[in-house]
Each structure stands twice: as structure tokens, then as C-alpha cells.
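Participant: Following this message is one structure expressed as C-alpha cells.
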Amino acid sequence: MSERKLRILVGKPGLDGHDRGAKIIARAFRDAGFEVIYTGLHQTPDQIVSAAIQEDVDCIGLSILSGAHNTLLPKVCDLLKEKKAEEIVVFCGGVIPEDDIPGLKAAGIREVFTPGASTDQIVAWVKSTIAPL
Amino acid sequence: MSLYERILAGDIRAAARLMRNIDDNLPSSRSDLQELFPHTGGAFLIGVTGPPGAGKSTLVDQITAAYRKRGKRVGVVAIDPTSPFTGGAILGDRIRMNRHADDEGVFIRSLATRGHMGGLSRSTADVANVMDAMGMDVVIIETVGVGQDEVDIVRLAHTTLVVMVPGMGDDIQAIKAGILEIGDLFVVNKADRDGADRTARELSMMLEMNKYAEGAWRPPVLKTEAQRNVGVDELVESMENHRQWLVNSGEINLLLKEKNAALFQTLLKERLFAEVYGRIEEDGRFGEILDGMLSRRQDPYSAVEQILAERLKS
Ligand SMILES: Nc1nc2c(ncn2[C@@H]2O[C@H](COP(=O)(O)OP(=O)(O)O)[C@@H](O)[C@H]2O)c(=O)[nH]1
Ligand SMILES: [Mg+2]
């Protein structure tokens, strides 16, 4: 009778006030049967990580446009490590320069989706990446 | 160490994982809950119900802040609907509560209804019990807020808040839905909007038509502006008054008895069904019954009687 339901946190760190991308991602995961914890705009890395832990999500999807990705995203990964929750998969989507991607991956961001990626692609990637409980 | 031991030692991740196991109905969650039960009963459970958009989450955020100022630890359970088509859900109540996310004295959990009716998820009472065992002084439960019959919250919370907005008081639906019977407190939120006084007055009038026994609790009607934190301290004061009244009047014993009965009955129903149905589905009996019903050889009434008789004998 029991079946594991997949849970994902979708949020948007940083100061810029635009959450269209995050909302589209949230919708896509809901339609794929996920429980999506949507935390909205202006999240600090601390808030994101605490929320992810309290909600026991498999995955964190961050939408970012602000240009602060090189500081905010690695901070999320560091905090997850600090709280021994690094098995939570983190990916991001947004306008991110090609040159920054290797650095983000080295910091622990598992995948970077640039604006060309479809939501189907992102959902498929998450499903194949998160480890079963 | 098992989950319950880690939870009692203050491990947040263990608590979050047990909540998930409960939600996913893992058999192991029951043994953890067994062990935690003796450590529950200390928390004040507050239910918050009312239509979508009334400002429930914003109000929960402010109530949380008010209790934090009083030095209390606060748990929040926020429930949103599961899409019946995809099984997925968007749980968005945290948006209004982000400032508490990294406060160690606050634990917020979003739950999806997963097809459960009545305004709560199947798991809500158990998740609230985990928060209680974690040592939360107050546990606030925000219901889905779409249903006409959000009555389950009354049997779970000590104090139930019904949140309305200006213009709703004159709505006859409110009476039909039985909303006047479930609130211990009524809040007209968005009091910055036109018509708040009128709505509050009409609500009070309708409530006065209820029959109250000597010494009974008379639900107050309060006005708040959750967004600007106006009227929240008075609201918390009023909730605490209700709590005090429960104790002083002895009503608390009746309430706890009902609460415990509801918890036990739900559990028994669920386990019996899972046990019996699981068995007949596995051994093919269920399929046979369905075939029989299709050809009208078998009626469902005697099939159920027969299975019950067999199961109760064994
Ligand atoms: N004007 C006004 N808007 C409010 C007030 N409280 C909440 N809101 C807004 O009402 C909307 C819905 O609030 P939310 O807390 O999500 O409602 P819920 O669906 O009942 O949980 C949000 O945009 C809030 O900012 C208030 O006191 N006045
Ligand atoms: Mg809400």
C-alpha cells in the first residue's frame, strides 16, 4: 500500500524579482506527479537548505537570473554538506554563462540547465538522477 | 539508532524523514509512532481554516512570530490539495513563512492531501504528534481551505480559528457550510478592506443565534490585518483565553477524549481495511467477487458478510 512520493523544492535565491521560470518548473514537476514545495522569491541559501531539510525533499531546483549564481549556488551546496544532507540533488536553471558551469559543478551543483532546456528534459533528468530512498 | 531515538535526541532530519515515512504509509512508521506517543500531549494544537486566499498562511506566519516572541517553539503543518489528475501537488504555504525557515525554534512541514477528504491529509494527526514529541510548544495546522466540510480539524486541534474576509459574513454559504459551528474564534482578516466592520457585526449576530449553555465558550469575532501584523497579539491573547477556558471548565477532558477516539477509530479503520482488503486482493478473492458481480451471480453485500465472518473467526 505504500509507495514513495517524490518531493522537490523549487525556489529562487537572490534579489531580483522575477519568478516566471521557477513557476514553470514547479508546474512541470507537479504535472509529473511530484510534490513541489514552492518557496517563491528572495530566498537566502540558509532558508533554502533549512526548508529542504524540514520538507525532506529528494531534490532542490533553483531558478536564478541575478548574476549572483557563483556565490549563492555554491553556498547552498556547502550548507547541505555542513548539515550532512549532501545526498539532496541540487540543479539550477537560468541564464548562466558557459564558462561558469564547470565551477558550479565542481561546487556540487549536479546540473545546469540553460534557457534552451525543455521542462520534459529537466523532469527526466531529475527522475533518473535522484537515488531511491 | 532508530528514527524515534534520534528524534527524541533532537535530530531534525530524523523527524523530517519520519514524517515522510508516515505520509508514504511505511509500516516502520508505526513502530516509531508507538515509541513517540508517550512523549506527546504537551503541545497546544491550533487549527486554522477558511477559504483559499483569506490570508491563513500570512496569519500563521504572524502567529508563529508572536509565539516566538514569547519564547515558544512552534511547529507548522500546512496542507494543500493534491491534483487528482497527476497525483502531484504544489505546496505554496511556505512562501508566506520564509522568514522562519532558518529559525531553529520553528519547524514547518507542507503536506499534500493525497486524495484525503475533510481538509487534512491522512498523515496530519501523526505529523502533529511528531512535532509534539519534538518538543514544540505550539503546533499550528493550516487546512486546505477548499472544502465545504472541513470538520476534521475540530477533532484534532484544541482551538480552531476560522478566517474570513470582508464581504463573507453576508454569504449564506457560510451558514450552510457549518462554519459557524466549527470555530472557537472567528477572524475577519484583511480588515484594511472595506466592509470589515460590517462582516464582523454580521458574524457576531449569526453567532449569537447559536444556543450557549451556562458557562459555555462564546466564540469571539476579531479583526486582523495579517499582512501588516495588526490585531495579531489580540488574536493570540484570545486563543490563550480559549485554552485557559478549556482547562478551567474541564472541557479539555471531553475534547481529549474525542480527539483520542478519532485517532483510534481512524487507525483501526485504516488497518482493518488494509489487512482484509490486502489479503483478498492478493489471494484472488477480490477478482472473483468482481467477476461474480459483473454477471450478477454474486452480490457485494453477502460477499462482504462472508469475508468478515471468515476473518473474524480466524
Ligand atoms: N489586503 C490584505 N491582504 C492580505 C492580508 N493578509 C494576507 N493578505 C494577502 O492575501 C493573499 C493570500 O494570502 P495567503 O496567506 O496565502 O492566504 P491563504 O490561501 O488563506 O493561506 C496574499 O497575497 C496576502 O499577501 C491583509 O490583512 N490585508
Ligand atoms: Mg495558505
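Participant: Per residue in the stretch A:38-63, which ones lose no less than 50 Å² of accessible surface when going from chain alone to all protein chains (1.4 Å probe)?
Facilitator: A:Tyr38, A:Gln47, A:Ile53, A:Gln54, A:Glu55, A:Asp56
Participant: Are any of the pairs B:Lys257/B:Lys313; B:Lys72/B:Lys223; B:Lys190/B:Lys223; A:Lys5/A:Lys83; B:Lys56/B:Lys223 more than 19 Å apart by Cα-Cα distance, and if so, which? Intermediate values should be presented prior to the final figure.
Facilitator: Details: B:Lys257/B:Lys313 31 Å; B:Lys72/B:Lys223 24 Å; B:Lys190/B:Lys223 8 Å; A:Lys5/A:Lys83 23 Å; B:Lys56/B:Lys223 13 Å.
Violating the 19 Å Cα-Cα cut-off are B:Lys257/B:Lys313; B:Lys72/B:Lys223; A:Lys5/A:Lys83.
Participant: Reported to two decimal places, what Rg/Rh ratio describes chain A when computed on Cα atoms with Rh from the Kirkwood expression? Mind showing how you got there, number by number?
Facilitator: Working: Rg = 13.5 Å, Rh = 14.6 Å.
Expressed as Rg/Rh, it is 0.93.
Participant: Let me ask something additional. Run through the stretch A:41-133 and list the trypsin sites (Lys or Arg not before Pro) located in a DSSP loop whose Cβ has at most 16 other Cβ atoms within 10 Å. It would help to have the intermediate numbers written out before the result.
Facilitator: Details: sites: A:Lys75, A:Lys81, A:Lys83, A:Lys84, A:Lys105, A:Arg110, A:Lys127; in loops: A:Lys83, A:Lys84, A:Arg110.
Those satisfying the criteria are A:Lys83, A:Lys84.
Participant: Something else: Ignoring ligands, DNA and RNA, what percent of the accessible area of the protein assembly as shown is carbon or sulfur (1.4 Å)? The partial results should precede the final answer.
Facilitator: Values: 11430 of 21500 Å².
The C+S portion of the solvent-accessible surface of the protein assembly as shown is 53 percent.
Participant: Which residue fluctuates the most in chain B, going by a Gaussian network model with Cα springs under 10 Å, if the choices are B:Asp11, B:Asp152, B:Asp283?
Facilitator: Its mean-square fluctuation being the largest, the pick is B:Asp283.
Participant: Compute accessible area for the stretch B:101-118 by itself and then with all protein chains, 1.4 Å probe, and report residues whose area falls by 30 Å² or more.
Facilitator: SASA drop of 30 Å² or more in the stretch B:101-118: B:Ala101, B:Asp102, B:Arg109, B:Arg114.
Participant: Could you tell me the center-to-center distance, by alpha carbons, between the stretch A:74-132 and the stretch A:12-34 in angstrom?
Facilitator: 14 Å
Participant: Further question: Give me the residues in the stretch B:18-34 whose solvent-accessible area, probe 1.4 Å, is reduced by at least 40 Å² once all protein chains are included instead of the chain isolated.
Facilitator: Residues shielded by partner chains are B:Arg20, B:Asp24.
Participant: Here is a follow-up. Name the residue, out of B:Glu202, B:Glu275, B:Glu181, whose mean-square fluctuation peaks in a Gaussian network model built on chain B with Cα pairs under 10 Å.
Facilitator: Sorting by GNM fluctuation, first place goes to B:Glu275.
Participant: Would you mind getting me the FRET efficiency between B:Leu290 and A:Asp120? Use the beta-carbon distance for r and R0 = 30 Å, nearest 0.05.
Facilitator: Details: r = 37 Å, r/R0 = 1.23.
The computed FRET efficiency comes out at 0.25.
Participant: Give the B-A buried accessible area in Å², both sides summed, 1.4 Å probe, nearest 100.
Facilitator: On the way: alone 17080 and 7330 Å², together 21500 Å².
Answer for the B-A pair: about 2900 Å² buried.
Participant: Test of understanding: given chain A, find the longest segment containing no GluC sites (Glu not before Pro) that are in a DSSP loop and have at most 12 other Cβ atoms within 10 Å. Display every interim value, and only then the final one.
Facilitator: Numbers: sites that count: A:Glu3, A:Glu87.
Between the exposed loop sites, the longest stretch runs A:4-86.
Participant: Still on this structure, I have one more. Listed highest first by mean packing, meaning other Cβ atoms within 10 Å per residue, what order do B:298-310, B:112-124 come in? Intermediate values should be presented prior to the final figure.
Facilitator: Details: B:298-310: 12.5, B:112-124: 21.2.
The densest-packed peptide leads the list: B:112-124, B:298-310.
Participant: If you count only protein heavy atoms with a 1.4 Å probe, what accessible area per residue comes out for the protein assembly as shown, rounded to a whole Å²?
Facilitator: Numbers: 21500 Å² over 447 residues.
With the other protein chains kept in place, the protein assembly as shown gives 48 Å² per residue.
Participant: Find the percent of Cα-Cα distances in chain B that exceed 37 Å, and round it to a whole number.
Facilitator: On the way: 11401 of 49141 pairs.
Looking at chain B, the distances longer than 37 Å represent 23 percent of pairs.
Participant: Right, another one. In a GNM of chain A with a 10 Å cut-off on Cα contacts, which of A:Ile101, A:Ile53, A:Ile24 has the highest mean-square fluctuation?
Facilitator: Comparing A:Ile101, A:Ile53, A:Ile24 in the GNM, the peak value goes to A:Ile24.
The values are calculated or read from the model by the stated rules, or taken from the named source; none is laboratory data. All values derive from a computational prediction rather than experimental measurement. We place every Cβ from the backbone using ideal geometry, glycine too, and count neighbours over all the protein chains shown. Areas reflect the complete protein model, heavy atoms only, side chains present, ligands, DNA and RNA absent. Shrake-Rupley method; radii C 1.70, N 1.55, O 1.52, S 1.80 Å.
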